[in-house]
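First comes the structure, then the notes that go with it.
The values are calculated or read from the model by the stated rules, or taken from the named source; none is laboratory data. What you see is a predicted model; the values in this text were computed from it and never measured. For neighbour counting, all protein chains shown are included, and Cβ atoms are generated from backbone atoms with ideal geometry for every residue, glycine included. Please note that ligands, DNA and RNA were not included when accessible areas were found on the heavy atoms of the full protein model with its side chains. Shrake-Rupley method; radii C 1.70, N 1.55, O 1.52, S 1.80 Å.
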Amino acid sequence: MYIVAIAWIYVVLMMSITEHSVVAGVMTFLLYGVLPLLIILYLMDAPRRKRKRAADEKLLRDEEMKAQASVPSQMDEKA
């Protein structure tokens with residue numbers, strides 16, 4: 001995924017270098033390169049973020065269940 005992004009940045013950089021003014025070159029680089037690339041990379045990274053969120057929630061639930069399971073056993077030892 002990142003090799004395509006690097007190649008696209010290279011192509012857009014070459015396009016922006018050939019512009020007639022610096023302002024046009026910067027705008028070409030930002031509007032044809034950086035902005036669309038950020039959107040695409042964000043959308044393509046969504047499944048990984050979803051899996052990580054689910055794994056974090058599962059870990060939190062498991063820790064809570066362990067904590068709840070250990071509380072009654074400590075109460076039994078005191079009695």
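Things to note:
- Dipole moment magnitude, nearest 20 debye, the chain about Cα centre, only Lys, Arg, Asp, Glu C-beta charged: 160
- Probe 1.4 Å, all protein chains present, accessible-area order of THR28, THR18, largest first: THR18, THR28
- Solvent-accessible area of TYR2 with every protein chain in place, 1.4 Å probe, in Å² to the nearest 10: 140
- Residue among ALA69, ALA54, ALA24 with the largest mean-square fluctuation in a Gaussian network model of the chain, springs linking Cα atoms under 10 Å: ALA69
- Mean Kyte hydropathy of 0.5 or more with a Cα span along the axis of at least 18 Å, helices from DSSP in the chain: 2-17
- Most mobile of LEU41, LEU60, LEU31 in a GNM of the chain (Cα contacts under 10 Å): LEU60
- Carbon + sulfur, % of accessible area of the chain - ligands and nucleic acids excluded, 1.4 Å: 70
- Estimated from helices alone, the mean residue ellipticity of the chain at 222 nm is -28000 deg cm²/dmol (sum of -39500 (n - 2.57) over DSSP H runs with n ≥ 4, per residue).
- Based on C-alpha pairs under 8 angstrom that are at least 6 apart in sequence, the range 1-65 has a relative contact order of 24 percent.
- Cα shape, the chain, gyration tensor, a/c 1.5 rule: prolate
- Between ASP62 and LEU43, the simple label model (points 7 Å from Cα in the Cβ direction) yields a spacing of 3.4 nm.
- Electrostatic bookkeeping for LYS52 treats Lys and Arg as +1 and Asp and Glu as -1; over the other residues with beta carbon under 12 Å from its beta carbon, the sum is +3.
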